[in-house]
1. What does a probe at Lys177 reach in region 128-142, counting residues whose amide N is under 13 Å from the point 7 Å along Cα→Cβ?
2. How would region 1-74 be classified by its alpha-carbon gyration tensor: rounded, prolate or oblate, with rounded meaning a/c under 1.5 and the a/b versus b/c comparison settling the rest?
3. If each residue's Cβ is checked for other Cβ atoms within 10 Å, how do Ile56, Ile65, Ile71, Ile78 rank with the fewest at the top?
4. Average projected area of the Cα convex hull of region 114-171, in nm²?
5. Where does the chain land at 222 nm, in deg cm²/dmol rounded to the nearest 500, when only DSSP H runs of n ≥ 4 count, each adding -39500 (n - 2.57), divided by all residues?
6. Setting aside same-chain residues fewer than 8 positions from Lys121, which lysines have a Cα under 26 Å from its Cα?
7. Run the paramagnetic zone check for Leu154: 7 angstrom along Cα to Cβ, then residues of region 94-108 with backbone nitrogen under 19 Å.
8. In region 7-54, what trypsin sites (Lys or Arg not before Pro) fall in a loop by DSSP, with at most 14 other Cβ atoms inside 10 Å?
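Derivation of every value follows stated rules applied to the coordinates shown; laboratory data play no part. Worth saying up front: this structure is predicted, and the values here are computed from it rather than measured. Because the Cβ atoms are built from the backbone with ideal geometry, glycine has one as well, and the counts that use them run over all protein chains shown.
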Amino acid sequence: MDKRVEIRQITEKDADNLYNLIEKNKAFLSTWMDFFEKVDKNSVVYSIEKWKKSMILGESFEFGIFLNNDIIGMVSLIIEKDGNLADLGYWLGEEYTKNGYATEAVSYVLEFAFTFLSLNKVQIKVHEDNFKSQNIPKRLGFRYDAILREHQRLHGRYVNLFLFSMLKREWNELWKKTN
Ligand SMILES: CC(C)(COP(=O)(O)OP(=O)(O)OC[C@H]1O[C@@H](n2cnc3c(N)ncnc32)[C@H](O)[C@@H]1OP(=O)(O)O)[C@@H](O)C(=O)NCCC(=O)NCCS
């Protein structure tokens, strides 16, 4: 895969661009992640500070996805230390979709999770109707594990999520085959 995007920590300098990206894409993002409806400039600045602290503590890793130094989305890992595993999430501004950028960014975070953090497992939970998002774990070789019934509240309704996972040994096996 050609490297087109990069992932890196989001700093205070990115606050305006991140806020503008979210503001422009509020309706698109809120379809599947309704907390975006409440995002404003202050909450972006507060979140960047919170993400920095969580990263230092090793509790979560929130990366910006950058294309030619412009922020186009985010990918995050929330660590569950007891299980040595993490939950992975992602989003893109709508104009940057349909290019493979999210799949590429997720593959970099998987390499970080399995090689740098040495996690045993990464899981992705996706709304049962969010087919574009389901394509990402499927494309990267995740296994479909289960349906999590009424696992999330979205727009005031409980919704089912599909659970996908990848183990460290599976990632290493895939990585060996493709490199
Ligand atoms: C989920 C989301 C990131 C998926 O976006 P996406 O553009 O489909 O994903 P990618 O960036 O990986 O792009 C993949 C698409 O680009 C296409 N593509 C075009 N050129 C490509 C290239 N050079 N390389 C790879 N893929 C390419 C792929 O065929 C694929 O399209 P398909 O799904 O129709 O087959 C996006 O829809 C989103 O942010 N949604 C709102 C938030 C959300 O739902 N987040 C997930 C919550 S679980």
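1. 139-142
2. oblate
3. Ranked by crowding around the Cβ, least crowded first: Ile56, Ile78, Ile71, Ile65.
4. Computed as one quarter of the Cα hull surface, the answer is 4.4 nm².
5. -10500 deg cm²/dmol
6. Lys3, Lys50, Lys52, Lys53, Lys81, Lys132, Lys138, Lys168, Lys176, Lys177
7. 94-95, 97-98, 102-103
8. Counting only loop positions with at most 14 other Cβ atoms within 10 Å, none of the trypsin sites (Lys or Arg not before Pro) in region 7-54 qualifies.
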